[in-house]
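The values are calculated or read from the model by the stated rules, or taken from the named source; none is laboratory data. What you are looking at is a predicted structure, and each value in this text was computed from that prediction instead of being measured. Note: ideal-geometry Cβ built from the backbone for every residue, glycine included; neighbour counts use all protein chains shown. Just so you know, the surface numbers come from the protein's heavy atoms only, side chains and all, with ligands and any DNA or RNA stripped out. Shrake-Rupley method; radii C 1.70, N 1.55, O 1.52, S 1.80 Å.
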Amino acid sequence: MKRKTIGLVLSSGSARGLAHIGILKVLHKYHLEPNYIAGVSMGAVVGALYAAGHSPEELQEIAKTTHWRDIVDFTIPKAGLISGRMVEDKISNLVHQKKFEQLAIPLCLIAYDLTAKTKVVFNKGDVAPAVRASISIPGIFAPPTINRHKYIDGGVSDPVPFDVVQDMGADIVIVVDLTELEKSSIGPRIKGKSFLEDIKEELVLQELFNIENYLFPKRWPGFIRKVSRWIFEKLLYPTRVLNILVGRDVPLVTKVFYDSLLVLSNNLARERIKNSKADIIVTPILKNISWADFDRVDDLVNAGEEAMEKEIEKLKNMIQL
């Protein structure tokens with residue numbers, strides 16, 4: 001008798017989406033690998049790498065050894081702080097430049113088409129550009145252009161695309177719910193600089209660079225420009241400014257914007273889950289873990305494992321029916 005097929009919905013959640021790796025680890029442990037995957041935002045990243053052939057253990061190692069500073073290309077803030085080209089290149093290498101048609105598992109990735117004002121499901125063509133489109137958080141990533149259309153994070157329109165795996169043909173739908181928000185979601189200070197601190201520093205440095213070029217244009221004679229810049233840097237050198245600005249307890253516009261978007265996305269996700277026909281809803285407990293805690297890979301993966309273990313008997317029973 002043919003085994004019922006499993007459709008796995010990997011929702012949005014930025015760093016918190018690394019909990020998806022723990023979900024996959026448990027499914028592999030019990031030989032209940034998904035037959036279909038729909039991913040959005042960080043769920044798109046995890047889903048794409050997994051469908052391209054990486055094991056859950058490899059995904060965890062990739063997450064732990066990939067330093068985001070090496071793949072994030074800051075740009076002059078216009079439509080976003082980060083260009084996203086380096087992220088796309090990294091994803092392209094990790095999925096071995098595959099197209100959707102070449103993946104081991106059928107995969108759909110969700111993004112929002114700003115040009116057409118509609119949700120888009122990517123399931124054909126190159127995988128990497130679709131991942132980049134799906135993770136392009138408004139205000140953080142500049143919207144990429146694909147065939148003259150601009151795209152942003154699919155979480156703004158469909159953070160939990162359960163209906164996509166249903167349409168793909170899944171008999172059993174597993175939804176990963178990352179909407180849990182704790183009052184203490186910022187959590188304790190992590191060793192080293194956080195994602196937000198680095199973004200703030202990059203913005204300050206970029207502004208200093210712009211100011212310096214404005215005050216001392218390249219058309220000035222070289223000697224005068226050199227002396228003027230030396231005086232400027234002695235009076236207002238970057239380290240001093242960074243200590244003043246970065247050390248102040250002021251709300252970062254990027255964080256405020258994303259936190260606002262997160263509230264809206266979570267409310268939408270809860271309503272979507274409430275009205276879904278998901279067979280199993282897996283809810284990792286993510287206390288004290290924020291959307292920017294990319295260095296807490298093990299904590300996030302463990303949370304995903306614990307949540308999936310609680311649902312595994314139910315899934316086994318459904319498979320056997």
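Suppose the chain between Tyr30 and Gln102 were pulled fully straight at 0.36 nm per residue; how much longer would it get relative to their current alpha carbon spacing?
That pair, Tyr30 and Gln102, stretches by 23.3 nm at full extension.
Would you mind calculating the gained length between Ala116 and Glu313 on full extension (0.36 nm times residue separation, minus the Cα-Cα distance), in nm to one decimal?
Net length gain for the segment: 66.6 nm.
What does the highest-first list of 298-307, 139-148, 47-56, 4-13 look like by mean Cβ count within 10 Å?
4-13, 47-56, 298-307, 139-148
Between Thr145 and Lys2, what is 0.36 nm times their sequence separation minus the Cα-Cα distance? Round to one decimal in nm.
47.3 nm
So what does Phe100 come to for accessible area, using a 1.4 Å probe and Å² rounded to 10?
About 20 Å², ignoring ligands and nucleic acids.
At what distance in nm do the modelled label points of Lys124 and Asp298 sit from each other, each positioned 7 Å from its Cα along Cα→Cβ?
Taking the simple label geometry, Lys124 and Asp298 are separated by 4.6 nm.
Show me, for segment 98-106, the HN-Hα J-couplings you get by feeding each phi into the Karplus relation (A = 6.51, B = -1.76, C = 1.60, θ = phi - 60°), rounded to Hz, glycine and proline as x.
Computed from phi, the couplings for segment 98-106 are 7, 9, 4, 5, 9, 6, 6, 10, x Hz.
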